Amino acid sequence: MNNVLVLPLIIPLFTAIVLIFLTRNISAQRWISVISVLVNIAVAGFMVYQVHAEGIQTLYMGGWLPPHGIVFVADMLAALLVLTTMVVATGCLLYSFRTIGEDREKHYFYTFYQFLLAGVIGSFLTGDLFNLFVCFEVMLIASYALIVLGGTKRQLRETLKYMLINIISSTLFVAGVAYLYGTVGTLNMAHLSQRIAEVEQVGVLSVIGILFLIVFALKAGLFLFYWLPGSYSAPPIAVSALFGALLTKVGLYAILRTFTLIFYHDTGGIHEIIGWMSAATMILGAFGVVAYKDIMRIFNYNIIISVGFIAFGISVATRDSLDGAVFYLIHDMLAKALLFVLGGMLIAGAGTDKLGGMGGLMRRYPAVGWMFFIVALALVGIPPLSGFLGKVLLVRGGLDEGHYWLTALALASSLMVLYSLIKVFMAAFWGESKEMDQAEPAPIHRSAYVAAIGLTVVVVAVGVGSEWVYSLATQAGAVLSDPSLYIEAVLKE
């Protein structure tokens, strides 16, 4: 057993409790929050090293062996996602310091921030479905508070929609867990994989698998994304950046884990259904990035396209596509956080989020302009940036399996991402300044630059050091393509 596995969860929980008693001391909240995420980066990095050197790590809570007790499992996929989560959380936290507003900071912003991180990290590390549900709820309850914090009319409206969708999906999640337990008699993921292979109730398991797909697709924004563009546009950009980088990725992780470990037998053609959903998501996301002229909507529809792109890799389910899905998932978490942070700086500098009101910002904010250009190229998949290798692996996996139309659609969606981001770049940074001609440039605080520069360095480093990152991604992909590795590590067979 490895007690390090519980630290990434305990640290934000403990930090959140401490911050409850410091609501009036904003400076202390900031320092404690930064120290917490930096310590957790170190812990997550050590966990990645342990998994790389020693294999899958497990922790049986209270000494209860599976399938009876609570188990935490860190394979390379979970460890990498925890580390990426903490890097993203650090960047978004630094950006929030001068942009979120003191009123929100005094009303438990940093407390809810830490609770959300605890829910995200717990979702990645848990080894059973019921605790996945619990961690989802911790994450979602914190996200409800972060969306509504500020109390504007728009926030209240979008929060109600967001809560309603997630309450419905959580209800379906509980029903799916109950049906699955009633069918196979266990909720431990490794044990579930064994039992599902043994039972002969294929029809019932197909229905349960589709129910889980609906639940996780709602949370990931896979096809059922109609709630996402409005909900992610309502809160401050620091919150939108955190949501865009993490929350949909938790849903994608749940799909990836569930349908490579528990339902990897492809009961009822679920992988084909995921393929059709990914195609629809990419098409509809492409319509969104073309149709809208405000930055936040364009960015939110870019999230939707990336969700469909990663789901495309999950549906193909070859070794190359799974390696690519892992690599691209890590890249997209980092790049989306950077994109939103730069978008927030861009809106602050222009004084508007409408493309028609922007122009000439390259003269005022050249660093922001060139960082935006870099992240745009990374999201499109231009070498040697972070999006290139993951995209190559996904495309190669699709072609090898004969999914030509879906692969072509995925490549076409990348062109739409390029079009949308270059549209923003040209409208905002080139041309003549508009209504800002007689106004002083809006101040962009140093902490925002630190966040943006740090995330840019990481995005470039993941691309330049892609050979090293790829070696870790293939270790994660090996477990996804061969579930027996996970099962043997957890059940000690």
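The values are calculated or read from the model by the stated rules, or taken from the named source; none is laboratory data. Given the structure is predicted, the values throughout are model-derived calculations rather than measurements. Here the Cβ is made from the backbone with ideal geometry for all residues, glycine too, and neighbour counts use every protein chain on show. For accessibility, only protein heavy atoms count, side chains too; no ligands or nucleic acids. Shrake-Rupley method; radii C 1.70, N 1.55, O 1.52, S 1.80 Å.
Which condition breaks for Phe115 when tested against (1) open to solvent by 10 Å² or more (accessible area, probe 1.4 Å); (2) of a type in the set (A, V, I, L, M, F, W, C); (3) more than 30 Å from Thr152 (Cβ to Cβ)?
With respect to (1) open to solvent by 10 Å² or more (accessible area, probe 1.4 Å); (2) of a type in the set (A, V, I, L, M, F, W, C); (3) more than 30 Å from Thr152 (Cβ to Cβ), Phe115 is out only on (3).
Consider Tyr108 carefully, then state whether it is hydroxyl-bearing (Ser, Thr, Tyr) and open to solvent by 10 Å² or more (accessible area, probe 1.4 Å).
Values: hydroxyl-bearing (Ser, Thr, Tyr): yes; open to solvent by 10 Å² or more (accessible area, probe 1.4 Å): yes.
In short, yes.
Go through (1) surrounded by 20 or more Cβ atoms within 10 Å (Cβ to Cβ); (2) of a type outside the set (Gly, Ala, Ser); (3) assigned to a helix (DSSP H, G or I) one by one and return the number of the condition Met362 breaks.
Result: Met362 passes all but (1).
Find the residue count for segment 373-413, including only residues that are open to solvent by 10 Å² or more (accessible area, probe 1.4 Å), within 23 Å of Val464 (Cβ to Cβ), of a type outside the set (Phe, Trp, Tyr) and in a helix (DSSP H, G or I).
Residues in segment 373-413 being open to solvent by 10 Å² or more (accessible area, probe 1.4 Å), within 23 Å of Val464 (Cβ to Cβ), of a type outside the set (Phe, Trp, Tyr) and in a helix (DSSP H, G or I): 8 in total.
Provide a single number: the residues in segment 76-90 that are over 14 Å from the mean Cα position of the chain (by Cα) and within 12 Å of Ala245 (Cβ to Cβ).
Residues that pass the stated criteria total 1.
Which ones in segment 32-49 are closer than 27 Å to Met1 by Cβ and either surrounded by fewer than 17 Cβ atoms within 10 Å (Cβ to Cβ) or among the basic types (Lys, Arg) (or both)?
If the condition is that a residue be closer than 27 Å to Met1 by Cβ and either surrounded by fewer than 17 Cβ atoms within 10 Å (Cβ to Cβ) or among the basic types (Lys, Arg) (or both), then Leu38, Val39, Ala42, Gly45, Phe46, Tyr49 are the ones that fit.
If you go through segment 191-207 one residue at a time, do you hit one that is in contact (Cβ under 8 Å) with a residue 12 or more places away in the chain, within 30 Å of Gly344 (Cα to Cα), assigned to a helix (DSSP H, G or I) and open to solvent by 10 Å² or more (accessible area, probe 1.4 Å)?
no
Residue by residue through segment 135-151, note down the ones that are over 17 Å from Leu246 (Cα atoms) and either surrounded by fewer than 18 Cβ atoms within 10 Å (Cβ to Cβ) or touching a strand residue (DSSP E or B) at 6+ places or on another chain (Cβ under 8 Å) (or both). Show your work before the answer.
Going residue by residue through segment 135-151, those that are over 17 Å from Leu246 (Cα atoms) are 148-151.
Gly151, the sole residue that qualifies.
State yes or no: is Lys161 in a helix (DSSP H, G or I), touching a helix residue (DSSP H, G or I) at 6+ places or on another chain (Cβ under 7 Å), among the basic types (Lys, Arg) and surrounded by 23 or more Cβ atoms within 10 Å (Cβ to Cβ)? Quick ask: steps written out before the conclusion?
Details: in a helix (DSSP H, G or I): yes; touching a helix residue (DSSP H, G or I) at 6+ places or on another chain (Cβ under 7 Å): yes; among the basic types (Lys, Arg): yes; surrounded by 23 or more Cβ atoms within 10 Å (Cβ to Cβ): no.
Spelling it out, it is not the case that Lys161 is in a helix (DSSP H, G or I), touching a helix residue (DSSP H, G or I) at 6+ places or on another chain (Cβ under 7 Å), among the basic types (Lys, Arg) and surrounded by 23 or more Cβ atoms within 10 Å (Cβ to Cβ).
Consider His68 carefully, then state whether it is assigned to a helix (DSSP H, G or I) and either modelled with pLDDT of 95 or more or open to solvent by 70 Å² or more (accessible area, probe 1.4 Å) (or both). Can you show your working first?
Numbers: assigned to a helix (DSSP H, G or I): no; either modelled with pLDDT of 95 or more or open to solvent by 70 Å² or more (accessible area, probe 1.4 Å) (or both): yes.
No, not satisfied.
Cβ-Cβ under 7 Å, sequence separation 6+ or interchain: first residue in segment 116-144 and more than 14 Å from Asn166 (Cβ to Cβ) and modelled with pLDDT under 95, partner polar (S, T, N, Q) and not in a helix (DSSP H, G or I). Which pairs?
Gly127/Asn188; Asp128/Asn188
State whether the residues of segment 23-31 include one that is out of contact with any Cys (no Cβ under 8 Å at 6 or more places or on another chain), surrounded by 17 or more Cβ atoms within 10 Å (Cβ to Cβ) and not in a helix (DSSP H, G or I). Before you say what the answer is, go through the steps one by one.
Taking segment 23-31 first, the residues out of contact with any Cys (no Cβ under 8 Å at 6 or more places or on another chain) are 23-31.
With surrounded by 17 or more Cβ atoms within 10 Å (Cβ to Cβ) added as a condition, the list becomes 29-30.
So of that shortlist, the ones also not in a helix (DSSP H, G or I) come out as none.
Within segment 23-31, not a single residue is out of contact with any Cys (no Cβ under 8 Å at 6 or more places or on another chain), surrounded by 17 or more Cβ atoms within 10 Å (Cβ to Cβ) and not in a helix (DSSP H, G or I).
Scan segment 84-105 residue by residue and report those that are open to solvent by 40 Å² or more (accessible area, probe 1.4 Å) and in a loop (DSSP other than H, G, I, E, B).
Of everything in segment 84-105, those that are open to solvent by 40 Å² or more (accessible area, probe 1.4 Å) and in a loop (DSSP other than H, G, I, E, B) turn out to be Arg98, Thr99.
In segment 222-246, which residue that is modelled with pLDDT of 90 or more and over 17 Å from Leu146 (Cβ atoms) is most open to solvent (accessible area, probe 1.4 Å)?
Ranking the qualifying residues of segment 222-246, first place goes to Phe223.
This table checks each residue for (1) polar (S, T, N, Q); (2) touching a His at 6+ places or on another chain (Cβ under 7 Å); (3) surrounded by 23 or more Cβ atoms within 10 Å (Cβ to Cβ).
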{"site": "Ala311", "(1), (2), (3)": "no, no, yes"}
{"site": "Ser321", "(1), (2), (3)": "yes, no, yes"}
{"site": "Gly324", "(1), (2), (3)": "no, no, yes"}
{"site": "Lys354", "(1), (2), (3)": "no, no, no"}
